[in-house]
Amino acid sequence: MNKVLRTLIFFFYTFSLHTTHAQQWKAYSSFSQANCFFAAQDSTLWIGTSGGILHYGKDYKLLASYNQNNGLDSVITSITKDVQGNIWACYYNQFSSKDSKTFIFDGSVWINNQSLGKAIITDKPLLFYAKDGSLWISYDKASKFVQVGKDSVYTSYDWEKNGISYFNNKSLLVDSKEHFWVSIGTSFWFFDGNKWTKYDNSNSSLPKSYIYNNAVIDQDDNICFTNYEAIYKFNISTKTCTFIPLQFAEFLYLTKENKVLISGGSGIYTGLYQLNGDKLSVLVPNVYPANIYEDFRGNLLLGGYDKLRLFDGSNLKDFPLPKNSLSSNIIAKIVSDTKNNILIQPLNAEIQYLKNTGEEVIDITDYGYTIAQGEGDDLWVSQFSSLTQIKQDNGLKLINHPLDIQNSVEKIVKDKNQHIWAWDYQYSWSTNRYQYLLFYYDKSKWTTFNLENEIIDMAANPNGGIYILNTKGVFTHDGISLKATNYLNIPKNPKRFVSNANLDLYIIAKKNENFEGDIYQLVGNKFDKIVTPDEFRIMTSYYFSDFMIDSKGNFWSVGNKIQRYDGKTLTTFNSPFRSTNPDYFSTITNAIHESKDGKVWLGSYTGLSSLIVDCKNPLPTSLRTEKMDGFGTGQTQLSVNESSANSFAWQISKDKGATWRAITNFDSTYSGHRTNQLTVNQVKIRDNNIIYRCLVNGECNSVLSDTVSIQAKQCELPQTTLQPTAQTTTEKSSAQFFINVSGASAYQWQVSTDKGVTWNMISSSDTLYRGQETNTLNIVSANLSQNTYQYRCEIKNDCYTLYSNAAPLEVTMILGLDNFERTVQAYPNPANDKIYVKVPAQTYTLSLINSNGSTVKQVSNQDYINVKDIPNGFYILLIESGKERQSIKVQVVK
C-alpha cells in the first residue's frame with residue numbers, strides 16, 4: 001500500500017533571561033534634498049531624499065511619506081520598481097560606506113534586504129532596472145538579479161573575479177543593443193552578457209581625467225559625461241570622444257525626447273543647460289540641480305542641495321513637501337515653549353517652529369546660530385549682528401534686536417527675572433586681542449559689558465542674574481557689574497555649565513583626552529563631585545554630544561550613546577538614528593531637550609526624534625506568543641494578545657535567533673503578518689529550525705514577544721477500507737452507519753439535511769444518536785423527518801483531517817391495521833386537480849408529504865385534497881384516524 005506522509009506540529013517556547021524593551025521614538029526628517037526619482041506606470045511618483053522616501057499621486061498630492069518611523073534609513077540615493085511591483089531603494093551612509101543598505105517595499109512594509117549578503121559592499125549605491133526584468137545594483141561592483149524576491153538570486157561581477165577596477169562607479173547604463181556600461185573612475189566598462197571590457201585613454205580617445213558624476217547614453221549611442229570642466233560625448237561604435245566646454249558641468253539627464261540636460265556654469269552663467277548636437281542652450285537659468293528627472297506630465301523635477309523645484313516648461317516653483325518636513329537633517333539645538341511647540345536650530349538652514357501636534361513646521365528665520373526660551377512663550381534666535389525675539393501673541397511675531405557685534409552670539413540665557421543674556425567674542429584690531437562681550441536685556445533696553453577674560457559658558461543664577469565660567473573661575477553678574485565668587489573645589493578643565501529646573505548649578509569638567517568628563521554640583525559654597533557609573537559617558541564637547549538634567553532630576557548624556565542616570569540605575573536607550581556601526585556620525589546625537597509634556601527630544605545628523613519617557617499606557621515588559629491549534633489542517637496560528645498595541649510585525653529567524661527579518665507580502669507561507677495573529681501555512685519538516693516572534697508597537701514603547709518554534713514530524717495518511725452505505729428503516733426503528741479506517745485517532749459523525757449541500761457536526765449530547773465520536777453511528781429511533789438525510793464521518797489523526805463518503809437514510813412509514821389498510825382508497829392517481837379518498841372513519845386527517853419529508857398540504861374530515869397548486873412529482877398521502885394510519889404513494893402530473 002502506497003503511504004502518504006505529512007507533518008505533525010509541536011511547539012517549543014524559548015524564554016530569555018532578560019526581555020528586550022525598545023523605546024518608541026517618533027522621527028521627523030528633512031525631505032527637501034531630493035536625490036533620486038521614479039515615475040511608476042500608475043502615474044505615481046516616488047522620490048528618494050536625504051530624509052526618506054515620498055510617494056505622490058498624479059496631481060502631486062502626497063500619498064505617503066516614509067522615514068525612520070517605517071524602518072528606513074535616511075539618505076536614499078536610488079529608487080526603482082521591479083516586475084513584481086516591489087519598490088527598491090538604496091540607502092547610503094555618508095559617514096560610513098560600510099553601512100550602505102538596500103530596502104524593498106512590498107506595499108505594506110519596508111524590508112532591509114539582508115539576503116543580498118556580500119553582494120552589498122562600500123560606497124554610494126545605484127539601482128538600474130533593465131528591460132529584460134533584471135535589476136542591477138551597483139555599490140563598488142554591479143550585481144545582476146536574475147530573480148527579485150525574498151530570496152534574491154544574484155550574479156556578482158566584481159573586480160576580483162572579472163578584473164573590473166575597484167573604484168567608485170558613478171553610472172549604470174544600457175545602450176541600444178541592451179548591453180551594459182558602467183562608469184568607473186577614468187574608464188567605462190562594457191558588458192555584452194558574457195564578459196567585461198575596459199575602455200579608457202589607452203585604447204580609445206577618452207580623456208585621462210576623472211569622470212566626475214553620472215553619465216547618460218543618447219539616441220545616437222553616445223555616452224555623455226562630465227569632468228567638471230566640459231561635457232564629453234564618447235561614441236560607442238567608433239570609440240572616439242568629443243567635448244563641449246562648460247565650467248562646473250556636473251549632473252546629466254536624458255529626457256523622454258532624448259534631450260541631454262546638464263547642470264553647470266558659474267556666477268551669472270549658472271543654470272540647467274540643454275545639449276543640441278554640439279551646442280548648449282540655457283533651459284532654466286540660475287539653478288544648479290544635483291538631480292534631474294522628467295515626470296509623467298513632462299515636467300522637470302530639479303533636486304538641489306537645499307530645495308526640490310518643479311519646472312513646467314515656463315515656470316519654476318517649489319515642489320510641495322510634507323508639512324512637517326524639516327529644513328535640514330542636522331539638528332544642533334532644540335528648545336520648547338510652555339505649549340510644547342518646538343523651536344529647532346538646524347545646521348546652516350532655516351530656524352523652524354514645530355507645532356505641538358507634530359504635523360506642521362513653520363520657517364521662522366534664515367540661518368540661526370543658537371536658540372533659547374525667553375519669557376513665557378517667547379523664543380529667541382541668534383543671527384548675524386542681532387537677536388530675533390519670537391512672540392506668540394495671536395500668531396508668530398518677530399522682533400529684531402540689533403547688537404554691536406561682528407557675527408552672532410554664542411549662547412542665550414534667560415535668568416530668574418525673565419531677563420535675556422547673551423555673549424560673544426570678536427577680534428579687536430586696535431588691541432590685537434579678542435574681546436568678550438556680554439549683552440543684557442531687561443525687557444526695555446540692552447546693555448553691553450566688555451569683559452577681559454575669556455567666557456567659557458554662562459547659566460542662570462537662582463538669586464538673579466547669571467553665572468559666568470571663565471579661565472579664572474566662576475563669577476556672577478547682576479546686570480551692573482561682574483563679581484568674583486569664593487566657591488571652593490572648582491574643578492580643573494571646566495568645560496560647561498548645566499542647570500536643573502531649580503537653577504541649581506553644575507559644572508562638567510574634562511577628565512581625559514577622549515573628551516569624557518565628570519559632573520560637579522554647587523552645594524553651599526563648594527563644588528562636590530557626583531559619583532556616576534563608569535559606563536555613564538559624560539562628554540565635554542558642545543559638538544556631537546549634549547547633557548541635560550530633566551524635570552525629575554535625572555541626568556541625561558547623549559553622543560554616540562543615549563543614557564539616563566537617576567542616581568541608582570543607568571539606562572541606555574535604543575538610538576532612533578539607525579546604523580549598523582554605532583560609532584559612526586549617523587548615530588551621534590548633537591542635542592537633547594525635555595519639553596513641558598515630558599517628552600525627550602533628540603537632534604542628530606539624521607534628523608529629529610521624540611520619546612515619551614514616562615508613558616501612561618506602556619506595553620508590558622514581556623509578551624507571550626500563544627499557539628492557536630490548527631489541528632489537522634497543515635496550518636498553525638501564533639498570536640500575541642495585547643489590547644493596547646498600535647501595530648504588530650511578525651519576524652522569523654533561520655539561524656537560531658542570530659539574525660531576524662520581518663515577514664512580508666513576499667512570504668506566501670504566511671498570512672496576517674501585520675496583525676496580532678500569524679497563520680503559518682503548510683508547515684514542513686525543512687522549517688523546523690525557524691523561530692518566530694512578534695514586534696508589538698505601543699503608544700510609547702515597543703516590545704518583542706518571546707520566541708516560539710514549530711517542530712514537525714512525519715505521519716501516515718489514514719486509509720479507509722470500508723465506507724458508510726445507504727440505510728433503510730421504518731419510523732421509530734433504529735439504523736446504523738459504519739466505517740472501517742486504519743491510522744485514525746478520532747472520529748466525528750456529521751449530518752446533512754439538504755442532500756449534502758451543508759454539513760453539521762452531530763453533538764455528543766444529541767439523544768437521537770449514539771456513537772457520534774466512534775466509527776459506528778447508531779440512530780436510536782428514526783422519524784419521517786430524517787428521510788433523505790445524509791451522513792458522513794470526519795476522520796482525524798495528528799496530521800490529517802479526512803471525510804468519508806456520504807450515505808443516505810430512507811425512513812418509511814409504519815402501516816396501520818389490515819381492515820383500515822384494505823378499506824382506504826385514493827383516486828385518481830396520477831392526479832392533476834384533486835385526489836379523492838374513501839376512509840372508513842368519521843374523523844381523519846389527510847397529509848401530503850414531499851420527498852424531503854416535509855408536509856406540503858394538510859386537510860381534516862374532507863373526502864379530497866387539492867393538488868392543483870402542488871408541483872409535479874411523487875408524494876406520500878398519509879391518512880390518519882386515531883391510532884390508525886395508511887400511506888399511499890401518489891403522483892401529481894399536470
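Coordinate-derived values only; no laboratory data. Please read all numbers here as calculations on a predicted model, not as lab measurements. Cβ sites come from the backbone with ideal geometry, for glycine too, and all protein chains shown count toward neighbours.
Close amide-amide hydrogen proximity is noted between Glu294 and Leu301, each under 5 Å apart and 5 or more residues distant or on a separate chain (H modeled in the peptide plane; Pro and chain starts excluded).
Diffusion coefficient of the range 670-803 by Stokes-Einstein, Kirkwood radius over Cα pairs, 4 °C, 1.567 mPa s: 70 µm²/s. Remark: the Lys483-Asp863 segment gains 124.0 nm on full extension, using 0.36 nm per residue and subtracting the alpha carbon distance.
Taking Cβ atoms as reference points and 12 Å as the exclusive limit, the residues near Asp366 contribute a net charge of -3, counting Lys and Arg as +1 and Asp and Glu as -1. Other residues whose C-beta falls under 12 angstrom from the C-beta of Val523 contribute a net charge of 0, scoring Lys and Arg +1 and Asp and Glu -1.
Scan the range 530-573 for chymotrypsin sites (Phe, Trp or Tyr not before Pro) in coil per DSSP, keeping those whose Cβ has at most 10 other Cβ atoms within 10 Å, and list them by number. The qualifying sites: there are none. Converting phi to 3J(HN,Hα) with the Karplus coefficients 6.51, -1.76 and 1.60 and the offset θ = phi - 60°, the range 223-237 yields 7, 9, 8, 10, 9, 6, 10, 7, 9, 10, 10, 9, 7, 5, 6 Hz in sequence order, with x at every glycine or proline. With bins 10 Å wide beginning at 0, the percent of Cα pairs of the range 209-363 falling in each bin runs 10, 32, 25, 18, 10, 4, 1, 0. Computing FRET efficiency as 1/(1 + (r/R0)^6) for Lys596 and Asn617, where r is the C-beta to C-beta distance and R0 is 30 Å, gives about 0.95.
Each Cα pair of the range 762-894 feeds into the Kirkwood radius, which the Stokes-Einstein equation turns, at 25 °C and 0.890 mPa s, into a diffusion coefficient of 142 µm²/s.
When you work out D = kT/(6 pi eta Rh) for the range 469-615 at 10 °C and 1.306 mPa s, using the Kirkwood radius from C-alpha pairs as Rh and the Stokes-Einstein form, the result is 97 µm²/s. Using the Cα gyration tensor of the range 400-500, with a ≥ b ≥ c the square roots of its eigenvalues, what is the shape: rounded (a/c below 1.5), prolate (a/b larger than b/c) or oblate (neither)? Oblate.
Modelled spin-label separation between Thr801 and Lys838, with each label point placed 7 Å from Cα along the Cα-to-Cβ direction: 6.0 nm. Packing order of peptides 320-332, 276-288, highest average first: 320-332, 276-288 (average count of other Cβ atoms within 10 Å over each peptide's residues). With a ≥ b ≥ c the root eigenvalues of the C-alpha gyration tensor of the range 454-517, is it rounded (a/c under 1.5), prolate (a/b larger than b/c) or oblate? Prolate, since a/c reaches 1.5 and a/b exceeds b/c. Placing R0 at 41 angstrom, the Cβ-Cβ distance between Lys355 and Lys256 gives a FRET efficiency of 0.50 after rounding to 0.05.
Applying 1/(1 + (r/R0)^6) with r as the Cβ-Cβ distance of Asp59 and Asn315 and R0 = 25 angstrom yields a FRET efficiency of 0.90.
Remark: the Gln41-Ser668 segment gains 223.2 nm on full extension, using 0.36 nm per residue and subtracting the alpha carbon distance. With the highest mean first, a sort of the peptides 194-203, 405-414 on other beta-carbon atoms found within 10 angstrom per residue produces 405-414, 194-203. Over the Cα atoms of the range 329-398, each weighted equally, I'd like the Debye log10 I(q)/I(0) at q = 0.11, 0.20, 0.21, 0.27 Å⁻¹, rounded to two decimals. With no solvent term, the Cα-only Debye profile gives -0.22, -0.75, -0.83, -1.39. Compactness of the range 331-465 is given as radius of gyration and Dmax, 15.2, 52 Å, from Cα positions. Compactness of the range 260-307, taken as the C-alpha radius of gyration over 2.2 N^0.38 Å, stands at 1.13.
Here the Karplus relation 6.51 cos²θ - 1.76 cosθ + 1.60, evaluated at θ = phi - 60°, turns the backbone of the range 833-849 into coupling constants of 9, 9, 10, 8, 9, 10, 10, x, 7, 7, 10, 6, 10, 9, 10, 9, 10 Hz, with x for every Gly and Pro. Take each peptide in 799-805, 692-698, count the other Cβ atoms within 10 Å of every residue, and average; sorted highest first, the result is 692-698, 799-805.
Remark: spin-label model distance Glu716-Lys198 equals 6.7 nm, labels positioned 7 Å along the Cα→Cβ axis.
Under 5 Å between amide hydrogens, built in the peptide plane, is the criterion, and for Ala249 it picks out Tyr228, Glu229, Ala230, Gly265 among residues at least 5 positions away or on other chains. For the range 437-477, pairs of C-alpha atoms spaced more than 11 angstrom apart make up 66 percent of the total. The HN-Hα couplings worked out from phi for the range 173-183 by the Karplus form 6.51 cos²θ - 1.76 cosθ + 1.60 (θ = phi - 60°) are 10, 10, 8, 5, 9, 6, 9, 9, 10, 10, 8 Hz, whole numbers, x standing for Gly and Pro.
Principal axis extents of the Cα atoms in the range 725-781, from largest to smallest and rounded to whole angstrom, are 36, 24, 23. Computed over neighbours whose Cβ is under 11 Å from that of Asp457, the net charge equals +1, Lys and Arg +1, Asp and Glu -1. Under a 5 Å amide H cut-off, with hydrogens placed 1.01 Å from N, Ile562 pairs with Phe573 among residues at least 5 apart or on other chains.
Calculated on the Cα set of the range 189-241, radius of gyration then Dmax: 11.1, 35 Å.
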